[in-house]
Amino acid sequence: MKQKHKLFKGKTLAILTGGGDTPAINSSIETIRNRASLLGFKVYGIRYGWKGLIGEGDVVDLTNQPYNGWYGGTALRSSRTNPFPSGKNPESRVPQVLKNLDRYKIDVLVTIGGDDTNGAARRLYETEGIPVIGFPKTIDNDLRTRTMHHYNGKEIEAVLCPGFPSAAKAITEYTANLKTTAESHSRIIVLEVMGRDAGWLTGTALFGGAQLGLVPEFEMTKERKEVFFEKVKESYLNSPKKSLIIPVSEGVRWYDDQKGKVDVVYASSELDEYGHPRFGGISGIIASEISRRLKIEARAQITGYYARSGSCRRYDRRLTSTLADKVADLLIREEFGQMPVLNKVVPYQELEEFNASSIDMGQIGNKPLPEEYYDIDNFSFDESYIDFLSKIMKYMRFEDFEYDFPVVIP
Ligand code: F6P
């Protein structure tokens, strides 16, 4: 009897996940699936992002299936497939996508992704009228969500994407742990952090004990490099245990003495279907320049996939669930071409549906770290960034072992 009252009984909603994985994707899938099921949708999962809607399709049924939203990554798997023509693949696969949406009788498509995946969804909505709902996801935190941060009477346009809070926690812990090895060898460790062209994630190392940091938003010209080396030396010499951890974004633009220009370091210059190269290796270059110039032992360490791996953290779990509540609202209103977002940066206990809204997917795009958040003169992060981050997480409590052994004179 009850079944009859479900709003969308007989309709099918399908979810796909595209781009790099994050620890919060399964939580997003589970919470969206649960809400859609309550409304009466049959819920499908499309495997491997847009790729699962090409050819014969690759679709699974998620209705009434057990699910583990705490488990990291994406059980639907992911790809960087772009259905629209790109440099790498000039052929449009949109007709195949449309055919499969029809074959599988999919009424609503929810795309969990960053700018690329949701950008493709938006085009399908605008050009083909496909009912889509975008859902934010990225550890880079660079997908515009129009989430406002109220700080000291100012309003700063920030970003809060599921995946970022878990990655931030991972980078913080990683940095805090690295401290003991840096101290033991009196070294500088240059810690490379993912994030493509954005420095949101790099700054999170601050909560693990880092002080200085370099982000892609501010070029390291020849002149700025000189100032930077001075700062590094000063911070190292002032540090109680003669050690330093310097987080640097993988996409940092660094003056190359040999080339005579500012450049990024690529792990591979081959572009994916959305036109992105892969960054990697800048930490090695910076560490060896520090060693050479300052005569202080420096090492490079790449955090890589550590930021993206492992379980969904608490903040992300509730953030995804709050945004999924908003998806339910959009479904009830049958409003498509929208993406749920948080209105303002709030602490865990305020992650409630009334603090969420949705934005037109036409408004999405990339949003780098705001200027206000970075202290360009000190190569560090501003108090306003610290305030932003402290809403999401706490400083790592790491036990410091303070020692000052008396020196033995023979
Ligand atoms: O966009 C997420 C991200 O992890 C970036 O930070 C990083 O540059 C990229 O994905 C790496 O992609 P892949 O795993 O495809 O090499």
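If residue 135 meets every condition in (1) within 16 Å of the ligand (Cβ to nearest atom); (2) closer than 30 Å to residue 401 by Cβ; (3) part of a strand (DSSP E or B) apart from one, which number is that one?
(2)
Could you list, in sequence order, the residues of the range 138-158 that are touching a strand residue (DSSP E or B) at 6+ places or on another chain (Cβ under 6 Å) and in a loop (DSSP other than H, G, I, E, B)? Even if it seems obvious, please write down each step before you answer.
Of the range 138-158, the ones touching a strand residue (DSSP E or B) at 6+ places or on another chain (Cβ under 6 Å) are 142-143, 145-149, 155-156, 158.
Of everything in the range 138-158, those that are touching a strand residue (DSSP E or B) at 6+ places or on another chain (Cβ under 6 Å) and in a loop (DSSP other than H, G, I, E, B) turn out to be 142, 145, 146.
So how many residues does the range 182-230 have that are over 20 Å from residue 163 (Cα atoms) and among the polar types (S, T, N, Q)?
Of the residues in the range 182-230, 4 are over 20 Å from residue 163 (Cα atoms) and among the polar types (S, T, N, Q).
What pairs can you find where one residue is in the range 133-146 and closer than 17 Å to residue 171 by Cα, the other is aromatic (Phe, Trp, Tyr), and their Cβ atoms are less than 6 Å apart, with a gap of 6+ or different chains?
Qualifying pairs under 6 Å: 139/164; 141/164; 141/200.
Yes/no per residue for (1) surrounded by fewer than 24 Cβ atoms within 10 Å (Cβ to Cβ); (2) among the aromatic types (Phe, Trp, Tyr); (3) within 19 Å of residue 134 (Cβ to Cβ):
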{"site": "28", "(1), (2), (3)": "no, no, yes"}
{"site": "35", "(1), (2), (3)": "yes, no, yes"}
{"site": "40", "(1), (2), (3)": "yes, no, no"}
{"site": "52", "(1), (2), (3)": "no, no, yes"}
{"site": "79", "(1), (2), (3)": "yes, no, yes"}
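Could you tell me which of the residues 170, 75, 120 is outside any helix (DSSP H, G or I) and of a type in the set (A, V, I, L, M, F, W, C)? Can you show your working first?
Numbers: 170 fails: outside any helix (DSSP H, G or I); 120 fails: outside any helix (DSSP H, G or I).
When all the criteria are applied, what remains is 75.
Within the set of pairs 6 or more residues apart or between chains, which connect a residue that is free of Cβ contacts under 8 Å to residues at least 60 places away in the same chain and within 16 Å of residue 219 (Cα to Cα) inside the range 191-203 to a residue that is more than 11 Å from the ligand (Cβ to nearest atom) and of a type in the set (Val, Ile, Thr) with Cβ atoms less than 6 Å apart?
202/215
When you scan the range 130-144, do you find a residue that is within 17 Å of residue 358 (Cβ to Cβ) and in contact with a Lys or Arg (Cβ under 6 Å, 6 or more places away or on another chain), even just one?
Looking through the range 130-144, at least one residue is within 17 Å of residue 358 (Cβ to Cβ) and in contact with a Lys or Arg (Cβ under 6 Å, 6 or more places away or on another chain).
Any residue that is of a type in the set (Asp, Glu), within 16 Å of the ligand (Cβ to nearest atom) and either crowded, with 23+ Cβ neighbours inside 10 Å or within 24 Å of residue 324 (Cα to Cα) (or both) - is there at least one of those in the range 95-111?
Within the range 95-111, not a single residue is of a type in the set (Asp, Glu), within 16 Å of the ligand (Cβ to nearest atom) and either crowded, with 23+ Cβ neighbours inside 10 Å or within 24 Å of residue 324 (Cα to Cα) (or both).
Please go through the range 247-264 and pick out each residue that is within 12 Å of the ligand (Cβ to nearest atom) and assigned to a loop (DSSP other than H, G, I, E, B). Spell out how you get there, then give the answer.
We begin by selecting, within the range 247-264, every residue within 12 Å of the ligand (Cβ to nearest atom); these are 249-251, 264.
Of everything in the range 247-264, those that are within 12 Å of the ligand (Cβ to nearest atom) and assigned to a loop (DSSP other than H, G, I, E, B) turn out to be 250, 251, 264.
Which of (1) out of contact with any Lys or Arg (no Cβ under 9 Å at 6 or more places or on another chain); (2) not in a helix (DSSP H, G or I) is the odd one out, the single condition residue 205 does not satisfy?
Unmet for residue 205, out of (1) out of contact with any Lys or Arg (no Cβ under 9 Å at 6 or more places or on another chain); (2) not in a helix (DSSP H, G or I): (2).
Condition first: buried (at least 24 other Cβ atoms within 10 Å of the Cβ) and acidic (Asp, Glu). Now tell me which residues in the range 185-221 satisfy that.
Scanning the range 185-221 gives a single hit, 192.
Test residue 228 against the stated conditions and say whether it is touching a residue at least 12 places away in the same chain (Cβ under 8 Å) and under 17 Å from residue 192 (Cβ atoms).
Yes; evaluated as a whole, the condition is true for this residue.
Give 101, 7 a once-over and let me know the one that is in a helix (DSSP H, G or I) and hydrophobic (A, V, I, L, M, F, W, C).
101
Only one residue in 267, 205 is closer than 21 Å to residue 372 by Cβ and at pLDDT 95 or above, so which one is that?
205
Need pairs with beta-carbon distance below 7 Å; first residue in a helix (DSSP H, G or I) and within the range 381-410, second surrounded by fewer than 16 Cβ atoms within 10 Å (Cβ to Cβ); sequence gap 6+ or separate chains.
391/347
Among the numbered criteria (1) away from the ligand (no atom under 16 Å from the Cβ); (2) farther than 22 Å from residue 215 by Cβ; (3) touching a Ser or Thr at 6+ places or on another chain (Cβ under 6 Å), which single criterion is violated by residue 363?
The failed condition is (3).
What number of residues within the range 18-63 are in contact with a Pro (Cβ under 9 Å, 6 or more places away or on another chain) and within 13 Å of residue 331 (Cβ to Cβ)?
Residues flagged as in contact with a Pro (Cβ under 9 Å, 6 or more places away or on another chain) and within 13 Å of residue 331 (Cβ to Cβ) within the range 18-63 amount to 0.
Just to be sure before I move on: is residue 127 part of a helix (DSSP H, G or I) and either assigned by TED's automatic domain parsing to the domain that holds residue 302 or under 13 Å from residue 364 (Cα atoms) (or both) in the structure I sent?
Taking the combined requirement at face value, the residue does not satisfy it.
Check 316, 325 and return the single one that is in contact (Cβ under 8 Å) with a residue 12 or more places away in the chain and away from the ligand (no atom under 16 Å from the Cβ). Reasoning before the result, please.
Details: 316 fails: away from the ligand (no atom under 16 Å from the Cβ).
Step by step, each of 316, 325 is checked, and only 325 is in contact (Cβ under 8 Å) with a residue 12 or more places away in the chain and away from the ligand (no atom under 16 Å from the Cβ).
Among the residues of the range 192-212, which ones are within 16 Å of the ligand (Cβ to nearest atom) and in contact with a Ser or Thr (Cβ under 6 Å, 6 or more places away or on another chain)?
Selection gives 192, 193, 195, 199, 202, 204, 205.
So residue 112 clears everything in (1) over 30 Å from residue 216 (Cβ atoms); (2) assigned to a strand (DSSP E or B) except one condition, right? Which one?
Unmet condition: (1).
The values are calculated or read from the model by the stated rules, or taken from the named source; none is laboratory data. What you see is a predicted model; the values in this text were computed from it and never measured. Cβ coordinates were reconstructed from backbone atoms using ideal geometry, including for glycine residues, and neighbour counts include every protein chain displayed.
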